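Only one structure is covered here, and it is reproduced in the block below.
What follows is calculated from the coordinates using simple rules that are stated; it is not laboratory data. Here the structure is a predicted model, which means the values were calculated and not measured. Cβ coordinates were reconstructed from backbone atoms using ideal geometry, including for glycine residues, and neighbour counts include every protein chain displayed.
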Amino acid sequence: MNASGTAKKWTKELVQQHAQVAVAVELYTLPLYITAMGSIKEEHCEAVQIIRSVIIEEILHLQLAANLCLALDTSPNFSPPQYGSDIPYLCPYNPETGECGFLNATLGPLDDTTLDTMLDIETPEQAQLRQDVDHTQPKYPYHSIGEMYDALIIGINRVGIKQFSWQTNHQQRHWGKQNFCQIIDSYSKAQDAVQAIINQGEGHIFSEDIAPPPWTEKDFPVPPYYRFEPYPEAPNPYNGYSHFGRFIKIKNNGLPDIYSGTEQPDHPINKPLQKNFLQLILMLETLWRDGGVHIGGADALRTVITKVMQEIFANTQACWQAGVIPHWFDLPLGDVQQKSV
């Protein structure tokens, strides 16, 4: 996958590759955020609640990005993320600012370094950058996730909306009724889904309307239309603020007490986590391949969250309690794709 910015024009293949990278980015956040959350000693403190709320929305974003792949006539790629390696089309290092955390993560506890990386990932796109960059022709690597999504939407339009089938077969919608679209069967619904991802994640772009730091979560509100309500019976107290704003709240509150650990990839405490994460990957693959007929059909993604994800949360916590940094990956990436449910 070429990420050097040498493409001269948008093509259907380039748009499809961008959609696949969107899936990779959303999946990238899950082990990072879950590992950090599992390191917190007080299980029910606000930092845990905040990170958990972000993780649930990242699973929604993964669903939307995977649906977008199918709408654009390609398959989502659920390969486990490789931390420390570049993600195509994205720039993990900004020489102008010296920031190097953006998509350049290391799995670890919720310390200052990890929280700064989480903030880098969710950093709102700068207003001036959005005005200065013209994505009517491909121009990457991008300096934020939001910029990549903006370019993807422009690329669809440049290639031609009618060049894509917008097919909905095997697209997933497992979050009840939301204001924004979950099933993507048109260009306008693709725009709506992408705006949901951007507003919930990065939030408002930096502009003259936002006061200089120090910020609070209230500086990064999510418009009511795009607020995510996963469980109507248990309203989310944090969905009015973007992920960036929520992580700012953790930073302002001060870090909670955390476990320490060492790298022990061969420790047996890692095995349940590796098994469950592989199961999650395989379940995601079958969901968007055949609708999850082998794993519960219409309620499959809910099953993933309530069962497998709960086990993964517990697995990471068990690793930290044993003094081991959670090691998620046991199989080479190629071996994952060769397996089936």
When the chain is fully extended, how far beyond the present Cα-Cα distance does GLU46 get from SER75, taking 0.36 nm per residue of separation?
-> 6.7 nm
Ranked output for segments 168-174, 312-318 by mean other Cβ atoms within 10 Å, highest leading, reads 312-318, 168-174
Among the lysines, which fall within straight-line cross-link reach of LYS275, defined as a Cα-Cα distance under 30 Å, with same-chain neighbours fewer than 8 residues apart omitted?
-> LYS41, LYS307, LYS339
Using 0.36 nm per residue of separation minus the Cα-Cα distance, give me the extension gain between THR168 and TYR187 in nm, one decimal.
-> 5.6 nm
Aspartates and glutamates with Cα under 15 Å of LYS189, excluding same-chain neighbours fewer than 8 positions away = ASP150
Under a straight-distance cross-link criterion of Cα-Cα below 26 Å, which lysines are reachable from LYS8, leaving out those fewer than 8 residues away in the same chain?
-> LYS139, LYS162
Over the Cα atoms of the range 12-258, what is the Rg over Rh ratio if Rh follows Kirkwood?
-> 0.94
State the extension gain, in nm to one decimal, for the chain segment bounded by LYS307 and LYS177, taking 0.36 nm per residue of separation less the distance between their alpha-carbons.
-> 44.6 nm
Quick calc, ASP112 & ASN157: beta-carbon distance into FRET formula, R0 45 Å, rounding 0.05, result 0.65
If you count, for each residue, the other Cβ atoms within 10 Å and average over each peptide, how do 260-267, 44-51, 145-152 line up from highest to lowest?
-> 145-152, 44-51, 260-267
Karplus-derived 3J(HN,Hα) from phi for the range 148-161 (6.51 cos²θ - 1.76 cosθ + 1.60, θ = phi - 60°), whole Hz, x at Gly and Pro, runs 4, 5, 4, 4, 4, 5, 5, x, 4, 5, 5, 5, x, 4
Peptides ranked, highest mean first, by Cβ atoms within 10 Å: ranges 75-86, 185-196 | 185-196, 75-86
The size of the Cβ-based charge dipole (Lys, Arg +1; Asp, Glu -1) of the range 137-250 about the Cα centre, to the nearest 20 debye, is 320 debye
Assuming R0 = 41 Å, can you tell me the calculated FRET efficiency for the pair ASN253 and SER85, based on Cβ-Cβ distance, to the nearest 0.05?
-> 0.80
So, in Å, what gap is there between the alpha-carbon centers of the range 174-191 and the range 34-59?
-> 26 Å
Taking every other residue with Cβ under 15 Å from the Cβ of VAL15 and scoring Lys and Arg +1, Asp and Glu -1, one gets +3
